[in-house]
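Read through the structure below, which is laid out as structure tokens, and then see the notes.
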Amino acid sequence: MSNQSYGDNAIAVVGMSCRLPGGVNGPDSFWDLLVAGGDAVGEVPADRWDAETFWSDDPAAPGRAVARRGGFLDRVDGFDARFFGISPREAVAMDPQQRLVLELAWEALENAGSVPDRLRGSRAGVFVGAMADDYATLSRRAGVEAIGAFTSTGLARSVIANRVSYLLGLTGPSLVVDSGQSSALVAVHQACQALARGEVSWALAGGVNLILAPESSVAVSKFGGLSPDGRAYVFD
């Protein structure tokens, strides 16, 4: 999301982008899903993990979660590394959340009518909310022998924002906020505060979360954080 400050404290949202479950690939398709009353909750994709293997209707069952459904993006393995000047070897080591935020940042700027190459050197900030790092869990299964030159930057949550700043040559704050479920909201709040205080001339703000490993779902299930039918009942 691209923000720019106008007047004393007014803030204008001038560009947006998103990828969401249910095949949503932008604000327009998200609106269409809402208008149609669509359901974006589905089964765990087969390329993530075997839902039956890690499921049980018994909350106390070791290594099992009570839910087999959730909100999943259709594809998280596709990435045009060459477009972003990243080598194939480094792209493989990157958390898909890093790759996704790079794509969405570029799309938000295009949506705003901005030319990314002309933003280099601008006093702009990047604020991203992210609370999980499932790709790190998957990577560590390979053991210490698999650690390489790009492992550190590929798995560090802070780099999710840093890659955007580096790609665009931005000189403002570049940070990742982890406040749990409110991470994306707090990131947007931090961006608005930075704009209001005049710390940045404009900002990219948003959040990212990819469920890639069964361990995270099992962990959330164990403290009662998952609904057995994959639906939220916050206001019931």
Worksheet item: Roughly how compact is the stretch 80-168, stated as its Cα Rg over 2.2 N^0.38 Å to two decimals?
Response: 1.16
Item to complete: Just grab the label-to-label distance for residue 233 and residue 11, each label 7 Å out from Cα along the Cβ direction, in nm (one decimal).
Response: 3.5
Item to complete: Report, largest value first, the span of the C-alpha coordinates of the chain along each principal axis, in whole Å.
Response: 56, 49, 28
Response to the item:
Helix-only [θ] at 222 nm, the chain, -39500 (n - 2.57) per DSSP H run of 4+, per residue, nearest 500, equals -9500 deg cm²/dmol
Practice prompt. Using a 1.4 angstrom probe, figure out how much accessible area the chain has per residue, in square angstrom, rounded to the nearest whole.
Written response: 55
Worksheet item: What order, most packed first, do the peptides 56-67, 91-102 have when packing is the mean number of other Cβ atoms within 10 Å of each residue?
Response: 91-102, 56-67
Discussion item. Percent of Cα-Cα pairs more than 23 Å apart in the stretch 140-236, please.
Written reply: 46
Worksheet item: Between the DSSP loop rule and a limit of at most 15 other Cβ atoms within 10 Å, which trypsin sites (Lys or Arg not before Pro) in the stretch 157-236 are left?
Response: 197, 231
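The values are calculated or read from the model by the stated rules, or taken from the named source; none is laboratory data. All values reported here derive from a predicted model rather than from experimental measurement. Cβ: placed from backbone, ideal geometry, glycine included. Neighbour counts: every protein chain shown. The area values use the complete protein model at the heavy-atom level, side chains included, leaving out ligands, DNA and RNA. Shrake-Rupley method; radii C 1.70, N 1.55, O 1.52, S 1.80 Å.
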